[in-house]
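Input: a single structure, listed below in structure tokens.
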Amino acid sequence: MDITIFSPGIYTYGAMLIGGVLRDAGHQVTLTRTPGAPAGSLLLASLFSTQHLLDPAIREAIRTHRERGGTVYVGGPVSAAPGIVLGELAPDAVVVGEGEETVVRLVEEGVSANLPGIAYLDGERVVVTPPAPPAPIDRPLPLVPDDIGSQSIRGASAYIETHRGCIGGCTFCQVPRFFGRKIRSRNLASIIEEVKAFKAAGATRLSVSGGTGSLYGSHEGEMNPDSFISLLRGMAEVMGPRNVSSPDIRVDCITDEVLDAIRRYTIGWVFFGIESGSERVLRLMGKGAAVRQVEEAVERCREHNLRVAGSFIVGYPGEAKRDYEATKDLIARLSLDDVFVSSAEPIPGTPLADLAVRTPREKNPAFVPHTGEYRALGITESEARAFDLMMHADMFRPQVRLVTDAVYDTYLAEAKKQGRDIRAATEMLLRYSRTGA
């Protein structure tokens, strides 16, 4: 069967993985980053962002393809809320959760109440079949497109999956809800074979994915640094150390050996999800880490001559002005090499999404008008905090970045875009909360 897999904007690892599974099952598979497939064919939409559910181009592509006699199945992280996917996009079915085995049966057998791990509409009724078991962690080689070297995701051509699951329970994150909190690690030889395939296809840099990278090889919540070090060493032997990155690590999942390996076998950056300088907000977020641990982790990275980036979330429902000021103070103390700021996005299937639905608009920073120093800009409180924190972080980098008019405009546009996206996602969640979908 001829199958088109649509992965909006970028070739995600999940889309390439499903492509490899279907290829090895005997199907002709085409990967695309833009909507469209031959009339009457099968289109698989691999959607990784809540905003894809609201994207007019994606909605139109799915509608048009079905009107032209084609079949559309949707999978990916958005499947955490299958009722919303069906309501917004009206595909023929949704592959719910880990879909490597489900998608082959769905493609070959069609929609059936006897097929675990799918959701579909029976008239106006949403049918969700019993969950499929977790997919095997070892699998065929992904279907790597010939132009993989043309894309850059935070500097990498692709993020490859080394394990599934996360020991954390962050309220804003899908990973522990999608893959569970038990770590399932892939065989090292299989990963290195995959790295070679990506390099042969033109990938210029590869990054470790799977949540917290240093949890690779861990067992029952206990880190196994030797496994992670072997992983980085093996990747570096294929790609070269300047072409490997392992950015995403929890502040409580580092050791001296791990940091030495990152310095030796990668580009030398560590990316921490710090999120807030307020202990109270960190507890609300379920981070499981304290500000003291953040400060100690950044200091240890510096002792190992690593560069450190951090992500911060503002506008979390319940975040008070004093909490935000604590975040600004922490950024000043840390003097990070790079900072990423985002407003709190309620992703369906997460506790944050439930909180956003329960929070009245007049108390949700995503909707509350800002009345402080940026009130003339007509932005919300969460947008104001995101905008302000972006500029604030630039003042405390090791090499200060001047906030020129162009930078100011870029930051303001980004804060406003985040605000629009979050309000649209919240409105969508509210609609479906009223119907019980």
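The values are calculated or read from the model by the stated rules, or taken from the named source; none is laboratory data. Keep in mind that what you see is a predicted model, and the values were worked out from it rather than measured. Note that each Cβ is placed from the backbone with ideal geometry, even for glycine, and that neighbours are counted across all protein chains shown.
For ASP338, work out the one condition from (1) under 27 Å from VAL294 (Cβ atoms); (2) over 22 Å from the mean Cα position of the chain (by Cα); (3) surrounded by 13 or more Cβ atoms within 10 Å (Cβ to Cβ) it doesn't fulfil.
So ASP338 meets the others, but not (2).
Looking only at the range 290-317, which residues are in a loop (DSSP other than H, G, I, E, B) and touching a residue at least 40 places away in the same chain (Cβ under 8 Å)? Walk me through how you get there before you give the answer.
The initial filter retains those residues of the range 290-317 that are in a loop (DSSP other than H, G, I, E, B), namely 290, 304-306, 315-317.
Matches in the range 290-317: HIS304, ASN305, LEU306, GLY315, TYR316, PRO317.
Among the residues of the range 88-95, is any surrounded by fewer than 20 Cβ atoms within 10 Å (Cβ to Cβ) and in a helix (DSSP H, G or I)?
No, that holds for no residue.
Could you check HIS392 against (1) more than 19 Å from ALA326 (Cα to Cα); (2) in contact with a helix residue (DSSP H, G or I) (Cβ under 6 Å, 6 or more places away or on another chain) and say which number it fails?
(1)
Report the residue count in the range 169-189 for those that are more than 19 Å from the chain's Cα centre (by Cα) and surrounded by 15 or more Cβ atoms within 10 Å (Cβ to Cβ).
Final tally of qualifying residues: 2.
Within the range 62-83, take every residue that is at pLDDT below 95 and of a type in the set (A, V, I, L, M, F, W, C) and give me the one that is surrounded by the fewest Cβ atoms within 10 Å (Cβ to Cβ).
The selected residue is ALA80.
Only one of (1) without any contact (Cβ under 8 Å) to a residue 24 or more places away in the chain; (2) not in a helix (DSSP H, G or I) fails for VAL339. Which number is that?
The failed condition is (1).
Scan (1) in the same structural domain as TRP269 (by TED's automatic domain parsing); (2) among the hydrophobic types (A, V, I, L, M, F, W, C); (3) surrounded by fewer than 20 Cβ atoms within 10 Å (Cβ to Cβ); (4) part of a loop (DSSP other than H, G, I, E, B) for the single condition LEU115 breaks and write down its number.
Checking LEU115 against (1) in the same structural domain as TRP269 (by TED's automatic domain parsing); (2) among the hydrophobic types (A, V, I, L, M, F, W, C); (3) surrounded by fewer than 20 Cβ atoms within 10 Å (Cβ to Cβ); (4) part of a loop (DSSP other than H, G, I, E, B), the one that fails is (1).
Pick from the range 199-228 the residues that are among the aliphatic types (A, V, I, L, M) and farther than 17 Å from ILE183 by Cα: which of them is surrounded by the fewest Cβ atoms within 10 Å (Cβ to Cβ)?
ALA200
Could you list all residues from the range 360-411 that are part of a helix (DSSP H, G or I), among the basic types (Lys, Arg) and under 28 Å from the mean Cα position of the chain (by Cα)?
Residues satisfying the conditions are ARG361, LYS363, ARG385.
Which members of the range 309-332 meet the condition of being touching an Asp or Glu at 6+ places or on another chain (Cβ under 7 Å) and over 18 Å from PRO176 (Cβ atoms)? Write out each step before concluding.
Going residue by residue through the range 309-332, those that are touching an Asp or Glu at 6+ places or on another chain (Cβ under 7 Å) are 309, 311-313, 315.
Those that are touching an Asp or Glu at 6+ places or on another chain (Cβ under 7 Å) and over 18 Å from PRO176 (Cβ atoms): ALA309, PHE312, GLY315.
Residues are listed down the side, and each one gets a yes or a no for (1) buried (at least 20 other Cβ atoms within 10 Å of the Cβ); (2) polar (S, T, N, Q); (3) over 21 Å from ARG105 (Cα atoms); (4) within 21 Å of the chain's Cα centre (by Cα):
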{"site": "ARG23", "(1), (2), (3), (4)": "no, no, no, no"}
{"site": "GLN28", "(1), (2), (3), (4)": "no, yes, no, no"}
{"site": "THR34", "(1), (2), (3), (4)": "no, yes, yes, yes"}
{"site": "LEU42", "(1), (2), (3), (4)": "yes, no, no, no"}
